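Quick notes on the structure that follows.
The values are calculated or read from the model by the stated rules, or taken from the named source; none is laboratory data. Just so you know, these numbers come straight off a predicted model, no measurement behind them. As a convention, Cβ positions derive from the backbone with ideal geometry for all residues, glycine included, and neighbour counts pool all protein chains shown. Protein only, heavy atoms only, side chains kept; ligands, DNA and RNA dropped before computing areas. Shrake-Rupley method; radii C 1.70, N 1.55, O 1.52, S 1.80 Å.
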Amino acid sequence: MDNKEILNKKHIHFIGICGISMSSLALLLVNNNIKITGSDIQYNQIVKDLRTKKIKVTIGHCENNIEKDCDLVVYT
């Protein structure tokens, strides 16, 4: 998948969003007007930071965390 394809997505969900790489990608994409959601296993400062950018972060990994309108799921 190339950059153009990614930027055409409307909603991307990140599993493991609080890693330094994943959170950086999430912030880059949310600044390009893409809806971003994500999940991680523990609450920390990165969760707080992402939530201030209107990124919905769920604690714990569960299939139900991925919303129906999601175009792409990213995981490490």
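Enter the angle in degrees (range 0 to 90, nearest 10) between the Cα long axis of helix 20-30 and the first principal axis of the Cα atoms of the chain, meaning the one along which they spread out most. Helix 20-30 sits roughly 50 degrees off the main axis of the chain.
Roughly how big is the chain's charge dipole about its Cα centre, with Cβ charges of +1 (Lys, Arg) and -1 (Asp, Glu), in debye to the nearest 20?
Details: 10 positive and 8 negative charges, 64 e Å.
Dipole magnitude for the chain comes out near 300 debye.
With a Cα cut-off of under 21 Å and a minimum spacing of 8 residues unless on different chains, the lysine pairs in the chain number 19. Take every pair of alpha-carbon atoms less than 8 Å apart whose residues are at least six positions apart; their mean separation over the length of the chain yields a relative contact order of 39 percent.
First compute the accessible area of region 7-76 with a 1.4 Å probe, then give the percent of it belonging to carbon and sulfur atoms. Display every interim value, and only then the final one.
On the way: 2370 of 4460 Å².
The computed percentage sits at 53.
Peptides 3-11, 24-32 ranked from most to least packed, by the mean per-residue count of other Cβ atoms within 10 Å: 24-32, 3-11.
The mean accessible area for residues of the chain, using a 1.4 Å probe and ignoring ligands and nucleic acids, is 67 Å² per residue.
Of Lys56, Lys48, Lys35, which has the largest mean-square fluctuation in a 10 Å C-alpha GNM of the chain? Result for the chain, Cα springs under 10 Å: Lys48 fluctuates most.
Working from label points 7 Å from Cα in the Cα-to-Cβ sense, the Glu63 to Lys9 distance is 2.0 nm. Dividing the summed -39500 (n - 2.57) terms of all DSSP H runs of n ≥ 4 by the residue count of the chain sets its mean residue ellipticity at 222 nm at -8500 deg cm²/dmol.
Which of the three applies to region 8-58, rounded, prolate or oblate, going by the alpha-carbon gyration tensor with a ≥ b ≥ c and a/c under 1.5 meaning rounded? Taking the square roots of the gyration eigenvalues as a ≥ b ≥ c, region 8-58 is prolate.
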